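Below: one structure, written as C-alpha cells.
The values are calculated or read from the model by the stated rules, or taken from the named source; none is laboratory data. Because the structure is predicted, anything quoted here is derived from the model rather than measured. Every residue, glycine as well, gets a Cβ built from its backbone with ideal geometry; the counts of neighbours run over all protein chains shown. Just the protein is used for accessible areas: all its heavy atoms, side chains included, with ligands, DNA and RNA removed. Shrake-Rupley method; radii C 1.70, N 1.55, O 1.52, S 1.80 Å.
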Amino acid sequence: MAAELAGLLIANAAYALVGLSLLVLPGWVTRDPATWYRVGAAYPAGIVAIVVPASYLALVRVPVSLTATVVGVVLVAAALWRSKPWQDRIRLRRPGKGSFVARLLGLVIAVVLLYALRTFATRPFLEWDSWVVWMSKARLLYEAPSAAPAALRSGDYGQAPYPLGLPTLESLGFSAMGRFDGTVIGVQFLLLAMTFPITLWSLLRARARAWTIALASLTVVCAPQILYQLLTRYADVPLGLFVGLGLAAGAAWAVSRRSDRWLLGCFVLFLGMAGLLKSEGFLFALAGCVALAAATVAGRDRTRLAEAAAGIGGVLAIVLPWRVYCSVYGLATPDYDLGNALRPSYLHDHADRVWPTVTELSAQLTNARSWGFLVWAILLALLAGVCSARWRLLAFAGTWLVLAAGGLLLTYWVSVLPLTSHLTNTSNRTIVSLLVGGAAMLPLFVFPRPDPADR
Amino acid sequence: MAGVGRRAAALATALAVVLALAYSGWKDLPHTWRLMRSQHASYVRYTTAEKERLFGTSIPMPMEQFDFWRAELRPGDRYWLQMPPEPFSTFADKRQITRAIAHLYLLPAIEAPSIDGATVVLSYDANPATLDRVFSQQVQAGQQQIYFSRLAHGG
C-alpha cells in the first residue's frame, strides 16, 4: 500500500505544481510577495487544468495519463519560461501569523483531517453507485482507454450522460499508483477536503477575516456527513467543494470594487470543474453564471460587465462541450426529461411531487445531527447582508441559492423515478452543494474586511 | 437612528452566525472523530484481496465465480453473459447484479452488446451448449452451471 500511496501523493504534488504554473502564466502569482497568498488555489486549479482536457480527450480514446503528462509538462515549461526563476534569487518572505483564533481553528482542521487519513486509506468502496457508476467508469478509463468511449456511451458502465470529471481524476490516481486500487484512491477524496480551507482562505483573504474563513471551513470539512460521504467515493461532496470554491471566488469578485481577474479566473476554473463532476453540477454552474451577471448588474458598474461576460463564457466553454457530446450521441438519462420542466401541463399533472420534495430537502438541510446549524448560519448571514446593505454580495449569493435550490426541486419534480425511493436514496447528497456553497460565501457576510481598494 | 439600528442588527446577526458555526463545529467534531475511528476499525483487518471483493461479497454474491472467469480472460477480450433473469432483490434481479459486478471486476475485459461481438461467453446458471456456437476452449467450474467458453473464430 505504501508504494501506491506514494504514487498518489506524487501525482497530487504534480497537480499543485501544474496549478501554480497556471497561476504564474497570466501573472496572478509573480515575484511580488503580495501575490503569494494566491498559491493557496494552486492545487485545485491544477486538478482542473489536468482533469478537464483529460476528460474530453478520453472521449477520443486518448489515455488520461498521456493527456495529463503532456498538459502538465507544457504548462510547467511555459511557466518556467515566463517567470525565469533561475535569473534572480527569489527571496522567501516569512508568512504572516494571522490571528490566534484562525491558527487554532486551522490546527483543529489539520488534526481531524490527518486523523481521517488512515480511515480513507483503509475503507474500501461499498456503496452501489460508487462501484456501479463512478469506479466502473474510472477503471474503464484506466484499463481500457481505447474501448472506453463506446462502452461509456452504451450506458452499461454507469449512466452515459454522467460527466467524466471524477472518473478521470480517479483514473489518474490509478495511473499514479500503478494499478487499480479502489481502497487507496480514497486518499484522493480526503485531499480534496484538505484543499478546501486553504483555497478558501486564499480566495477570501483580502475581503474576509481569517478566523471566519477558518470557522466556516471547520464547519464544512469536519462535518460528519462530508467525511462520511467522501468515504463512499460518491461525486456529491467533491462537487460541493468545487461549487463552494467557485462561488467564493465569484462572490469575492462581485464585492470587489477593483478588477481582480485572478478571482474571476478561479470562478471559471472551479465552477467549470463542478459542471464536469455531476449532472447537477451543470445546473449549479449555470446558476453561478446567472448570479455573477445579477451581481454585476446590481453593482451598476458597466465597465465590469465585459469581464463578467468573459467569466461566464469561460465557465460555459468548459461545461458546454459535454452537453454537445451528449446531444450528438443522444445520451439522455432515463430518470427525467428536462424538456418536461417547460411543459406547464406536465408540471401541473405532477405537482403532487413538489411538497414532499420540499419537506424532505428541508428536513435534510436542517438535520442538526448531520449538519449542525449550518443552514441557519447561512440564512442568518444573508440577513446580516441585508442589515449591512451588502447588495452586490446578496445579489450573487441570493440568486445562486434560489436558482440552485429551485433547480434541485425541479429535477425531483420532473423525475420519472418513484418519488419516495428517489428522495430516500439521494436527498442527503444532493443538498451538499447548497450547504457547502452557502458556507463558502459566508465569511464575506460576517465581520468582512474593508475592500482593499478602500484601504 | 435608523443607521444605528441597522448596524446593531447586522452585528447581532453576525454574532448569531458565528455562534451557530462554532456550536456546529463543537458538536460535530466528536461525532466525526468517532466515525473515522469506527470506519477504520471496521475494515483495517481486511486483506487487499478481501477489500477488492467486498462490494460483491457484501451484497452477497459469490465472488469465486468472478475469479473463475477472470482467471481465463485475456487482454482485449469481450465477454457476453449467458444468464437467465432470476429474482434476487427488490431493486434488481440476479442477472443485473452479476452484470454490474462484472463490469467493474472483469475489466479490462468489456461486455459485448451481443454474442456476435463477443470473444468469450460467460455462463451462469445456463449451459453454453444451448447457444449453437463453436467454442475453441471451454472450462466448467466443477459441476456447477458456470462456464467459461471461448468462441472459435467465426464461431
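Criterion first (over 22 Å from A:L277 (Cβ atoms), in a helix (DSSP H, G or I) and away from chain B (no Cβ under 14 Å)) does A:G385 satisfy it? When the stated conditions are applied, A:G385 does not pass them. Of the helices (runs of 4 or more DSSP H) contained entirely in segment B:26-123, those carrying at least 3 residues that are closer than 26 Å to A:D181 by Cβ, in contact (Cβ under 8 Å) with a residue 24 or more places away in the chain and more than 10 Å from every other protein chain (Cβ to nearest Cβ) fall at B:64-72.
For A:L169, the test of being out of contact with any Lys or Arg (no Cβ under 7 Å at 6 or more places or on another chain), surrounded by fewer than 24 Cβ atoms within 10 Å (Cβ to Cβ) and modelled with pLDDT of 95 or more is failed. Would you check if A:E143 is at pLDDT below 95 and closer than 19 Å to B:Y105 by Cα? For A:E143, the condition - at pLDDT below 95 and closer than 19 Å to B:Y105 by Cα - is not met.
Restricting the first member to segment A:351-368 and to residues that are on the phi > 0 side of the Ramachandran plot and at pLDDT below 95, and the second to residues that are outside any helix (DSSP H, G or I) and surrounded by 13 or more Cβ atoms within 10 Å (Cβ to Cβ), no beta-carbon pair is closer than 8 Å while six or more apart or on different chains. Candidates in segment A:217-263 are the residues that are closer than 15 Å to A:R38 by Cα and surrounded by fewer than 24 Cβ atoms within 10 Å (Cβ to Cβ); of these, the one that is farthest from the other protein chains (Cβ to nearest Cβ) is A:R261. Evaluate the following for A:F284: is it part of a loop (DSSP other than H, G, I, E, B) and in contact with a helix residue (DSSP H, G or I) (Cβ under 8 Å, 6 or more places away or on another chain)? In short, no.
Among the residues that make up segment A:92-101, is at least one of them facing chain B (nearest Cβ under 9 Å), closer than 30 Å to A:S217 by Cα, in contact (Cβ under 8 Å) with a residue 24 or more places away in the chain and surrounded by 15 or more Cβ atoms within 10 Å (Cβ to Cβ)? No, there is no match, as no residue in segment A:92-101 is facing chain B (nearest Cβ under 9 Å), closer than 30 Å to A:S217 by Cα, in contact (Cβ under 8 Å) with a residue 24 or more places away in the chain and surrounded by 15 or more Cβ atoms within 10 Å (Cβ to Cβ). Among the residues of segment A:123-138, just one is of a type in the set (S, T, N, Q) and surrounded by 22 or more Cβ atoms within 10 Å (Cβ to Cβ), namely A:S136. Looking only at residues in segment A:369-382 that are in a helix (DSSP H, G or I) and either touching a Cys at 6+ places or on another chain (Cβ under 9 Å) or of a type in the set (F, W, Y) (or both), the one that is modelled with the lowest pLDDT is A:W371.
Do we have A:A208 as within 25 Å of A:L245 (Cβ to Cβ), assigned to a loop (DSSP other than H, G, I, E, B) and within 14 Å of another protein chain (Cβ to nearest Cβ) here?
yes
Give segment A:388-404 a look and list any residue that's open to solvent by less than 40 Å² (accessible area, probe 1.4 Å) and part of a helix (DSSP H, G or I), or say none.
Matches in segment A:388-404: A:L393, A:L394, A:A395, A:F396, A:A397, A:G398, A:T399, A:W400, A:L401, A:A404.
So A:L105 ticks every box in (1) farther than 30 Å from B:A22 by Cβ; (2) surrounded by 22 or more Cβ atoms within 10 Å (Cβ to Cβ); (3) touching a residue at least 60 places away in the same chain (Cβ under 8 Å); (4) at the interface with chain B (Cβ under 9 Å from one of its Cβ atoms) but one. Which box is left unticked? Single failed check for A:L105: (1). Checking each residue of segment B:117-133 against the condition of being modelled with pLDDT under 90, open to solvent by 60 Å² or more (accessible area, probe 1.4 Å) and of a type in the set (S, T, Y) gives no match.
Residues satisfying the criterion are absent from segment B:31-38 (criterion: open to solvent by 20 Å² or more (accessible area, probe 1.4 Å), closer than 30 Å to B:A126 by Cα and at pLDDT 95 or above).
Among the residues of segment A:414-430, at least one is open to solvent by 40 Å² or more (accessible area, probe 1.4 Å) and in contact with a strand residue (DSSP E or B) (Cβ under 9 Å, 6 or more places away or on another chain).
Of all residues in segment A:383-411, those being of a type outside the set (S, T, N, Q) and within 22 Å of the chain's Cα centre (by Cα) number 17.
Say we look at segment A:17-33 and pick out the residues that are without any contact (Cβ under 8 Å) to a residue 40 or more places away in the chain and closer than 17 Å to A:T199 by Cβ; which of these is surrounded by the fewest Cβ atoms within 10 Å (Cβ to Cβ)?
Filtering first and then ranking leaves A:V29.
Comparison of A:T366, A:T359 shows that the only residue that is among the hydroxyl-bearing types (S, T, Y), open to solvent by 50 Å² or more (accessible area, probe 1.4 Å) and closer than 25 Å to A:V446 by Cα is A:T366.
Given the options A:P161, A:P124, name the one that is touching a helix residue (DSSP H, G or I) at 6+ places or on another chain (Cβ under 6 Å), of a type outside the set (F, W, Y), at the interface with chain B (Cβ under 8 Å from one of its Cβ atoms) and touching a residue at least 24 places away in the same chain (Cβ under 8 Å).
Values: A:P161 fails: at the interface with chain B (Cβ under 8 Å from one of its Cβ atoms).
After applying the criteria, what remains is A:P124.
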